[in-house]
Amino acid sequence: MLNIIIFGAPGSGKGTQSTFLVERYKLGHLSTGDMLRAAIAQQTPAGMQAKAFMDKGQLVPDETVIELITNELDKQSQAAGFIFDGFPRTLAQAQKLDKMLAERGTPVNLLLNLDVDEDVLVARLLNRGKIGNRSDDRDENVIRERIAVFEKNTLPLLEYYQKQGKLCNIKGVGEPSEISKQIRQTVASQLK
Ligand code: B4P
């Protein structure tokens, strides 16, 4: 199995590059953001709880996202591996992911860290807010809160994966296809 975490601040291109990775390596795509938005659209109890956090730019409680991920891992048990997109976002989620994968006899192989400056992130998300239907992209204060939460709660995970020798830094600015090319070369050299 091949398990890749695509990591980065809101607007760093995780969703965009996940599409490339899923296509290229034929892996399952597990995006907690997409799962949460689906739960909100279906008005499930988890979705209703998550909405209040997402509207404010805060993280949804660990138990909620861990339950969503566990269910999907079980549903897609035949997959050749996974792209974890937007998960883990806290140390508790990272430790739980290691445990869940160990129970299935497979590890996280690598983490791709998309590095993008804050001003670029804000501009991208405001632009998506104008053309898309994500309410968390419309308000600059919410966007800046999401970035602040990322820096406080999620960025420290890089050390966790660096210690395991799994961290790969990718410059996340430029044409999406150029970034995909860099990712392809990084994955190839890491898996040698
Ligand atoms: P997510 O859905 O993960 O949203 P995101 O961080 O904004 O990333 P996304 O993948 O959508 O954007 P991308 O960078 O690809 O999470 C939303 C919310 O859900 C969180 O705030 C949180 O509340 C909650 N949540 C999700 N997972 C959670 C977890 N594990 N624990 C707790 N809470 C959780 O792209 C952004 C834009 O940039 C796009 O419009 C794209 O077109 C553009 N773009 C991408 N690459 C570009 C490039 N190279 N050049 C120019 N533009 C580019």
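Of all residues in region 47-94, which are within 13 Å of the ligand (Cβ to nearest atom), assigned to a helix (DSSP H, G or I) and of a type in the set (S, T, N, Q)?
If we filter region 47-94 for residues that are within 13 Å of the ligand (Cβ to nearest atom), which is where we start, we get 47, 49-70, 72, 83-94.
The next check asks that each one be assigned to a helix (DSSP H, G or I); those that pass are 47, 49-55, 62-70, 72, 91-94.
Within region 47-94, 49, 64, 70, 93 qualify.
Of 144, 124, all but one fail to be over 30 Å from residue 189 (Cβ atoms) and part of a helix (DSSP H, G or I); the exception is 144. Condition check for residue 111 on (1) touching a Lys or Arg at 6+ places or on another chain (Cβ under 6 Å); (2) more than 26 Å from residue 179 (Cβ to Cβ); (3) hydrophobic (A, V, I, L, M, F, W, C): one failure, at (2). For residue 174, the criteria (1) within 14 Å of the ligand (Cβ to nearest atom); (2) in a helix (DSSP H, G or I) hold in every case but one, which is (2). Going by the structure shown, is residue 40 surrounded by 20 or more Cβ atoms within 10 Å (Cβ to Cβ), touching a helix residue (DSSP H, G or I) at 6+ places or on another chain (Cβ under 9 Å) and not aromatic (Phe, Trp, Tyr)? Judged against the criteria, residue 40 is not a match. Scanning region 60-70 turns up no residue that is surrounded by fewer than 21 Cβ atoms within 10 Å (Cβ to Cβ) and touching a Gly at 6+ places or on another chain (Cβ under 8 Å). Residues in region 95-115 that are in contact (Cβ under 8 Å) with a residue 12 or more places away in the chain and more than 12 Å from the ligand (Cβ to nearest atom): 100, 101, 104, 106, 107, 108, 109, 110, 111, 112, 113. Out of all the residues in region 1-21, which are surrounded by fewer than 19 Cβ atoms within 10 Å (Cβ to Cβ) and within 18 Å of residue 68 (Cβ to Cβ)? Across region 1-21, the qualifying residue is only 15. Entry remark, region 1-36: residues being in a loop (DSSP other than H, G, I, E, B) and not polar (S, T, N, Q) number 7 in total.
Checked against (1) farther than 27 Å from residue 177 by Cα; (2) more than 10 Å from the ligand (Cβ to nearest atom), residue 24 passes all but a single condition, namely (1). Entry remark, region 131-161: residues being surrounded by fewer than 18 Cβ atoms within 10 Å (Cβ to Cβ) and more than 10 Å from the ligand (Cβ to nearest atom) number 15 in total.
Among the listed residues 40, 6, which satisfies the condition of being touching a Ser or Thr at 6+ places or on another chain (Cβ under 6 Å), within 12 Å of the ligand (Cβ to nearest atom) and in contact (Cβ under 8 Å) with a residue 12 or more places away in the chain?
On the way: 40 fails: touching a Ser or Thr at 6+ places or on another chain (Cβ under 6 Å).
Selected residue: 6, the only one of 40, 6 that is touching a Ser or Thr at 6+ places or on another chain (Cβ under 6 Å), within 12 Å of the ligand (Cβ to nearest atom) and in contact (Cβ under 8 Å) with a residue 12 or more places away in the chain.
Only one of the numbered conditions (1) among the charged types (D, E, K, R); (2) within 14 Å of residue 136 (Cβ to Cβ); (3) within 17 Å of the chain's Cα centre (by Cα) is not met by residue 55, and that is (3).
Just give me the residues in region 74-91 being under 22 Å from residue 161 (Cβ atoms) and over 15 Å from the mean Cα position of the chain (by Cα), in sequence order. Full working, then the answer.
Looking only at region 74-91, we keep the residues that are under 22 Å from residue 161 (Cβ atoms), and these are 79-91.
The answer is 79, 80, 81.
With respect to residue 46, determine if the residue is touching a helix residue (DSSP H, G or I) at 6+ places or on another chain (Cβ under 8 Å) and either under 28 Å from residue 135 (Cα atoms) or crowded, with 21+ Cβ neighbours inside 10 Å (or both). Judged against the criteria, residue 46 is a match.
A short reminder: the numbers here are calculations on the coordinates, not readings from a lab. From a predicted model like this one, the values you see are computed outputs, not experimental measurements. Cβ sites come from the backbone with ideal geometry, for glycine too, and all protein chains shown count toward neighbours.
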